[in-house]
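**Student:** I have a structure here, written as structure tokens, and I will follow up with some questions on it.
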């Protein structure tokens, strides 16, 4: 069945719960996991920012360090879940303007045969205006995508964060 699962994470409570479920699933089917974090591309995000001056360069480096630290924290979280469950885990973080494209590219490059990700459950106009990386992955992926959804109640997501 599935031997290698890509688990994108953004560090949210829902993403952490999804990672827990992905690890349980991987253990059950005997698969390994690659945990993935899509970092924003700082050049594009701050292209308007004058990084030529000393203050600008320092600030940009500080922001990049914060992003790197956040990526590592979230990847270590998934790695620890895998270690506790006895599931083999690799971790990867890359920069991208387009998280869904980087998720698909990482799945392809790593040889994953399943992407296991969260649905943030946006509905209606908000979903149409904001869009969804999960929807984009679903509509463009050449491999199966398993979408984990934790109810419609935002309080349920808060409960996950408080109880873990």
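Every number here is computed from the coordinates shown, using simple stated rules; none is lab data. Since the model is a prediction, treat every value here as computed from it, not as a measurement. Cβ coordinates were reconstructed from backbone atoms using ideal geometry, including for glycine residues, and neighbour counts include every protein chain displayed.
**Student:** With 10 angstrom as the radius, rank 148, 36 by how many other C-beta atoms surround their C-beta, starting from the fewest.
**Tutor:** Ascending Cβ contact count within 10 Å gives the list 148, 36.
**Student:** Something else about it: Rounded if a/c is under 1.5, else prolate if a/b beats b/c, else oblate: with a ≥ b ≥ c from the C-alpha gyration tensor eigenvalues square-rooted, which is the range 59-109?
**Tutor:** It is oblate, given that a/c is not under 1.5 and a/b is not larger than b/c.
**Student:** Find how much the distance from residue 109 to residue 140 grows on full extension, using 0.36 nm per residue of separation minus their present alpha carbon separation; answer in nm with one decimal.
**Tutor:** Value of the extension gain: 9.6 nm.
**Student:** How much length is gained on full extension from residue 66 to residue 94, taking 0.36 nm per residue of separation minus their Cα-Cα distance?
**Tutor:** 8.6 nm
**Student:** For residue 28 paired with residue 76, estimate the spin-label separation in nm (one decimal), with each label point 7 Å from Cα along the Cα-to-Cβ line.
**Tutor:** Distance between label points: 3.0 nm.
**Student:** Order by neighbour count: 1, 117, 42, fewest other Cβ atoms within 10 Å first, most last.
**Tutor:** Ordered from fewest to most neighbouring Cβ atoms within 10 Å, 1, 117, 42 come out as 1, 42, 117.
**Student:** Then there is this: Quick one: length gained pulling residue 59 to residue 3 fully straight, 0.36 nm per residue minus the C-alpha distance?
**Tutor:** Extra length from residue 59 to residue 3 when fully extended: 16.0 nm.
**Student:** So for 59, 139, fewest C-beta neighbours within 10 Å to most, what's the order?
**Tutor:** 139, 59
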